[in-house]
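**Q** This structure is in structure tokens; I'll ask about it shortly.
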């Protein structure tokens, strides 16, 4: 029976990438409270947080909750802009039916709409880059 247990030793030991070195660090109460807060906000374990901050300083760590709040506000603003564009188009159609719409207004509207579409496209590209950098 003992021979059977000798064969079962748990998971195989790591040959490469095994962490054998340990660093003991002391913090003030304020520093430690800040680490605990970052751990809670970012959803990382303390060791992962410190390892990432020290070894991968070029990697961006963001507050996910704040990022989602900002994205939500951005979506709200884009919705408002879309509503304004629709109202302007409806008003332009009303003026057009009454033959009161001048070509300068049409031209200005088209220029502003094209500019908005360009900015919206740039925003989409930027958000994709941010999301990709978060997943690396």
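Read-outs throughout are calculated quantities, based only on the coordinates presented, and are distinct from any laboratory measurement. Source: prediction; values computed, not measured. Counting neighbours? That spans all protein chains shown, and the Cβs are built from the backbone with ideal geometry, glycine included.
**Q** Specify which of the listed residues (88, 78, 95, 112) is in a helix (DSSP H, G or I), in contact (Cβ under 8 Å) with a residue 24 or more places away in the chain and over 30 Å from residue 22 (Cα atoms).
**A** Checking each option against the conditions leaves just 78.
**Q** Here's a follow-up. Which of the residues that make up the range 46-56 are surrounded by fewer than 15 Cβ atoms within 10 Å (Cβ to Cβ) and over 20 Å from residue 67 (Cβ atoms)?
**A** Of everything in the range 46-56, those that are surrounded by fewer than 15 Cβ atoms within 10 Å (Cβ to Cβ) and over 20 Å from residue 67 (Cβ atoms) turn out to be 46, 47, 51, 54, 55.
**Q** Could you figure out which of (1) without any contact (Cβ under 8 Å) to a residue 24 or more places away in the chain; (2) touching a helix residue (DSSP H, G or I) at 6+ places or on another chain (Cβ under 8 Å) isn't true of residue 120?
**A** In the conditions (1) without any contact (Cβ under 8 Å) to a residue 24 or more places away in the chain; (2) touching a helix residue (DSSP H, G or I) at 6+ places or on another chain (Cβ under 8 Å), residue 120 misses (1) alone.
**Q** Quick check on my filter: what residues within the range 26-70 are out of contact with any helix residue (DSSP H, G or I) (no Cβ under 8 Å at 6 or more places or on another chain), farther than 26 Å from residue 131 by Cβ and outside any helix (DSSP H, G or I)?
**A** Matches in the range 26-70: 26, 28.
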